[in-house]
Amino acid sequence: MMKIVPDPPPFRPATILQTAQSPFSSCNNAHESLFHVRSGVIAEDALIHISRHLQTACETSTRIVGAKLARDDVSTGNRDLAEVDANIGSNC
């Protein structure tokens with residue numbers, strides 16, 4: 001019987017990419033680096049980790065904006081608070 005989906009490629013430890021140490025910051029290096037990439041971390045693990053941080057940042061900013069909109073709209077009577085709460089987090 002033929003397989004519909006082919007087998008994945010064999011595991012080759014030599015092809016696993018790892019990170020190299022790399023500090024980064026902003027503000028034209030006006031202060032010490034806030035973050036850095038450690039050397040020797042498997043690249044896939046590093047990408048998963050940072051994507052979780054970005055997802056959390058997106059959800060947090062959406063909640064902050066949603067709370068501000070809810071406060072503004074409810075005070076002016078333009079929108080129901082429950083409607084705003086239902087939409088929070090749907091942008092991430």
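The values are calculated or read from the model by the stated rules, or taken from the named source; none is laboratory data. Because the structure is predicted, anything quoted here is derived from the model rather than measured. Note that each Cβ is placed from the backbone with ideal geometry, even for glycine, and that neighbours are counted across all protein chains shown.
Count, please, the residues in the range 33-56 that happen to be out of contact with any Phe, Trp or Tyr (no Cβ under 7 Å at 6 or more places or on another chain) and at pLDDT below 75.
Residues meeting the conditions: 1.
Quickly run through the range 9-22 and pick out the residues that are surrounded by 10 or more Cβ atoms within 10 Å (Cβ to Cβ) and at pLDDT below 75.
If the condition is that a residue be surrounded by 10 or more Cβ atoms within 10 Å (Cβ to Cβ) and at pLDDT below 75, then Ile16 is the only one that fits.
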